[in-house]
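K.L.:
Take a look at the following structure, please.
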Amino acid sequence: MAMRFRFRDVDWLLLGLATAIAVIGVIEIYSTTQHSALEGQFRRQIYWLLLSIVLAVVISHLDYHFLLEQTPWLYGLSLLALGQLLVAGHSIAKTKRWMVLGGFTFQVSELVKLVIILCVAAYFAEKRSKSATWGDLVKLGLLVGVPAVLVALEPDLGTALTFLAIVAAGVLLAGIRWKQIAVLLLLGALTLPVGWHFLRPYQRERLMTYIHPSQDTQGTSYQVTQTKIAIGAGGLWGKGFGNGTQSRLGFIPVSHADSIFAPFAEEQGFAGTLCVLLLYFALLLRILDGAQLAPDRAGAFLLVGLAAVLFFQVAINTGMMIGLFPVTGIPLPLMSQGGSSLLFTFLSLGAAMNVRAKRFVN
């Protein structure tokens, strides 16, 4: 499939907003890891960022209809990859989320997010009914439920829940009746005891910590306690770059990855976090604006699915840091250290840019 670079096919505002957030993340990774055993992690993040930007521009010139046509084999390949991880995946911290390719560790579930977004968009692109039927809900439940279960078994409950956010956004856009919502909520409530039975011990501890956060501040609720202290210590203007004691003294676990919001808030204060959140808000608005300009249903559903993932991850991650949500392994998009997450986000943005570019097509 021949591609020719066209300046207008790149949404420079969208790309600029995402890159700005990612650069802030690189700077914070450097700040939290300097003079530690993880010093130098920011360089790896820079390499991933450069690669991600290049691939995003490439994908922006690849017709998203072509991507939608590939969903059957992409979905099958995703299931095979997730199944292979459970059997012979690379184990880190008692989890099997990573595949080793050429000396690099790669988190498969991050790219599966993009596949799920494409699958939901492709499904609703063929539907012409005014609202989602029960048949649609069952089919989507099976379509997304299988990879979600495989990801949850890694275990990675946070990413599995992200898949559900994609389906929820798609169904809401397609149209769902209040009666259907009520029935689904009732079914969800009835299955909670069953879900509790299948949770790992540490996952149950996290939920209990969320309910009773002050019971074990040196144990299961240690991380939330320390992130709250860091955010509160930042005050209005923060302590300044490199002066965050909670992260530099090792009080915040994985301060360069899932918990990066807390050390950033400690160093840059409320003013800095507000600026970053406004950047995320502008990014989401740009994506949703592209959905309004999409030339067809498939493009609109693709962009809404991407917006749902980004909003869900930002809301849950920042909410975890202040104790609003239970702790799960959901990174802060674009900012948290991790090449797989960064690559997924930029590849998705590349597809979003192509949808926006198609508004020029008569």
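K.L.:
May I ask you to list the residues in region 320-339 that are modelled with pLDDT of 90 or more and among the polar types (S, T, N, Q)?
P.N.:
Of everything in region 320-339, those that are modelled with pLDDT of 90 or more and among the polar types (S, T, N, Q) turn out to be SER336, GLN337.
K.L.:
Could you say whether any residue in region 20-29 is crowded, with 20+ Cβ neighbours inside 10 Å, of a type in the set (Val, Ile, Thr) and in contact with a His (Cβ under 8 Å, 6 or more places away or on another chain)?
P.N.:
yes
K.L.:
In region 17-39, which residues are without any contact (Cβ under 8 Å) to a residue 24 or more places away in the chain and in a helix (DSSP H, G or I)?
P.N.:
VAL26, TYR30
K.L.:
Within region 288-306, which residues are part of a helix (DSSP H, G or I) and open to solvent by 10 Å² or more (accessible area, probe 1.4 Å)?
P.N.:
LEU288, ASP289, ALA291, GLN292, LEU293, ARG297, ALA300, PHE301, VAL304
K.L.:
Quick check on LYS96: is it among the charged types (D, E, K, R), free of Cβ contacts under 8 Å to residues at least 60 places away in the same chain and not in a loop (DSSP other than H, G, I, E, B)?
P.N.:
Considered against the rule, which asks whether it is among the charged types (D, E, K, R), free of Cβ contacts under 8 Å to residues at least 60 places away in the same chain and not in a loop (DSSP other than H, G, I, E, B), LYS96 comes out as yes.
K.L.:
Name the pairs whose Cβ atoms lie under 7 Å apart, with the first residue in region 287-306 and under 14 Å from ALA357 (Cα atoms), the second outside any helix (DSSP H, G or I), and 6 or more positions between them or separate chains?
P.N.:
Once the first residue is under 14 Å from ALA357 (Cα atoms) and sits in region 287-306, its partners that are outside any helix (DSSP H, G or I) give PRO295/VAL361; ALA300/ALA294; LEU303/ALA294.
K.L.:
Could you list, ordered by first residue, the pairs with Cβ atoms under 9 Å in which the first is in region 240-257 and touching a residue at least 12 places away in the same chain (Cβ under 8 Å) and the second is among the charged types (D, E, K, R) and not in a helix (DSSP H, G or I), at least 6 apart or interchain?
P.N.:
Hits for this filter: THR245/LYS239.
K.L.:
Moving on to the next point. Among the numbered conditions (1) without any contact (Cβ under 8 Å) to a residue 60 or more places away in the chain; (2) crowded, with 19+ Cβ neighbours inside 10 Å, tell me where ALA233 comes up short.
P.N.:
Of (1) without any contact (Cβ under 8 Å) to a residue 60 or more places away in the chain; (2) crowded, with 19+ Cβ neighbours inside 10 Å, only one is false for ALA233: (2).
K.L.:
Based on this model, can you work out whether ARG359 counts as open to solvent by 40 Å² or more (accessible area, probe 1.4 Å), modelled with pLDDT of 90 or more, assigned to a helix (DSSP H, G or I) and touching a Leu at 6+ places or on another chain (Cβ under 7 Å)?
P.N.:
In short, no.
K.L.:
Would you say VAL138 is over 18 Å from LEU164 (Cβ atoms) and open to solvent by 60 Å² or more (accessible area, probe 1.4 Å)?
P.N.:
So VAL138 does not fit the description; no.
K.L.:
Please find, within region 118-157, the residue that is modelled with the lowest pLDDT out of those that are of a type in the set (Lys, Arg) and in contact with a helix residue (DSSP H, G or I) (Cβ under 8 Å, 6 or more places away or on another chain).
P.N.:
Among them, the one singled out is LYS127.
K.L.:
Tell me yes or no: at least one residue of region 79-100 is under 25 Å from ASN317 (Cα atoms) and of a type in the set (Phe, Trp, Tyr).
P.N.:
Looking for residues that are under 25 Å from ASN317 (Cα atoms) and of a type in the set (Phe, Trp, Tyr), one finds at least one in region 79-100, hence yes.
K.L.:
Look through PHE301, PHE346 and report the one residue that is closer than 23 Å to TYR47 by Cβ and aromatic (Phe, Trp, Tyr).
P.N.:
That would be PHE346, the only listed residue that is closer than 23 Å to TYR47 by Cβ and aromatic (Phe, Trp, Tyr).
K.L.:
Every residue in region 336-351 that is over 15 Å from LEU111 (Cα atoms) and open to solvent by less than 10 Å² (accessible area, probe 1.4 Å), please.
P.N.:
Selection gives SER336 alone.
K.L.:
List every residue pair whose Cβ atoms sit under 7 Å apart, with the two residues 6 or more apart in sequence or on different chains, where the first one lies in region 53-70 and is more than 10 Å from ASN354 (Cβ to Cβ) and the second, anywhere, is at pLDDT 90 or above and open to solvent by 30 Å² or more (accessible area, probe 1.4 Å).
P.N.:
ILE53/THR19
K.L.:
Inspect region 279-287 for any residue being of a type outside the set (Lys, Arg), open to solvent by 50 Å² or more (accessible area, probe 1.4 Å) and at pLDDT 90 or above and give the result as yes or no.
P.N.:
Taking every residue of region 279-287 in turn, at least one turns out to be of a type outside the set (Lys, Arg), open to solvent by 50 Å² or more (accessible area, probe 1.4 Å) and at pLDDT 90 or above.
The values are calculated or read from the model by the stated rules, or taken from the named source; none is laboratory data. All values derive from a computational prediction rather than experimental measurement. Here the Cβ is made from the backbone with ideal geometry for all residues, glycine too, and neighbour counts use every protein chain on show. These area figures cover heavy atoms from the full protein model, side chains too; ligands, DNA and RNA do not enter into them. Shrake-Rupley method; radii C 1.70, N 1.55, O 1.52, S 1.80 Å.
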